[in-house]
Amino acid sequence: MKVLKEIRDRRSTRKYLDKQVSHEDILSVLEAARLAPSGSNTQPWRFIVVTSQDTKEKIVQADHNQKWMLSAPVFIVCVADISCRIPDSDAMLIDETEACHELKQIIRDTAVAVENILLQATHMGLASCWTGWYEQKEMKAILNIPSDKYVVGVVTLGYGDEKPTPRKRKDLEEIVSFEQWELTR
């Protein structure tokens, strides 16, 4: 696998073919997530695979009613579990307003795992899109997720029925400094 190819080819796909993704392919993208690095090897990520139309409709409604999502045969709900850093966290209420440092750490680590899902999907010829336009309370209620967990994103997965064009990326000169902050843009 030439990783830079997958990084360049990955697109956020919002239109999918009416074609199921095999259980083995779903497990393959989840294996890529499982192998992601995490701070102190805490591996805070948990994943909920959703294929039920009824549950997908509820997720779409919570995710700002983005109807395009329903064309994807699979949703992978990516959840960060703070208990890897705070053992007695089951009474915590984790949401968008939480200032807890550990929450930032588990979101960071879970985001790395989500990116692995997106890249592995691209490598396998699957399309995907990472969404996150929802309130924690709503999404947790739909999927029976405990209050001390944090939903980092919902990834739609399937076979793309569109070929989004590459979007403009900033040049390296605009985003890289050496040794200290020197960027002016």
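The values are calculated or read from the model by the stated rules, or taken from the named source; none is laboratory data. This one's a predicted model, so the numbers in the text were calculated from it and none came from an experiment. Here the Cβ is made from the backbone with ideal geometry for all residues, glycine too, and neighbour counts use every protein chain on show. Note: accessible area is taken over every heavy atom of the protein model, side chains too, but ligands, DNA and RNA are not part of it. Shrake-Rupley method; radii C 1.70, N 1.55, O 1.52, S 1.80 Å.
Brief remarks follow.
- Residue list for the range 19-29, filter: in a loop (DSSP other than H, G, I, E, B) and in contact (Cβ under 8 Å) with a residue 24 or more places away in the chain: 19, 20, 21
- Some residue of the range 6-17 being under 19 Å from residue 112 (Cβ atoms) and touching a His at 6+ places or on another chain (Cβ under 6 Å): yes
- Residue check for residue 174: surrounded by fewer than 15 Cβ atoms within 10 Å (Cβ to Cβ) and more than 22 Å from residue 63 (Cβ to Cβ): yes
- Failed criterion for residue 110 (all others in (1) open to solvent by 40 Å² or more (accessible area, probe 1.4 Å); (2) modelled with pLDDT of 95 or more; (3) of a type in the set (Ser, Thr, Tyr) hold): (1)
Okay, residues lined up against (1) closer than 17 Å to residue 152 by Cα; (2) at pLDDT 95 or above; (3) surrounded by 13 or more Cβ atoms within 10 Å (Cβ to Cβ); (4) in contact with a Leu (Cβ under 7 Å, 6 or more places away or on another chain):
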| residue | (1), (2), (3), (4) |
| --- | --- |
| 9 | no, no, no, no |
| 16 | no, yes, yes, no |
| 21 | no, yes, yes, yes |
| 31 | no, yes, no, no |
| 53 | no, yes, no, no |
| 73 | no, yes, yes, no |
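- Hits in the range 1-18 (condition: in a helix (DSSP H, G or I), farther than 28 Å from residue 103 by Cα and in contact (Cβ under 8 Å) with a residue 12 or more places away in the chain): 3, 6, 8, 9
- Lone unmet requirement of (1) part of a strand (DSSP E or B); (2) out of contact with any strand residue (DSSP E or B) (no Cβ under 8 Å at 6 or more places or on another chain) for residue 48: (2)
- Only one of the numbered conditions (1) aliphatic (A, V, I, L, M); (2) open to solvent by 40 Å² or more (accessible area, probe 1.4 Å); (3) more than 16 Å from residue 32 (Cα to Cα) is violated by residue 94, and that is (2).
- One residue from 150, 134 being crowded, with 18+ Cβ neighbours inside 10 Å and in contact with a Leu (Cβ under 8 Å, 6 or more places away or on another chain): 150
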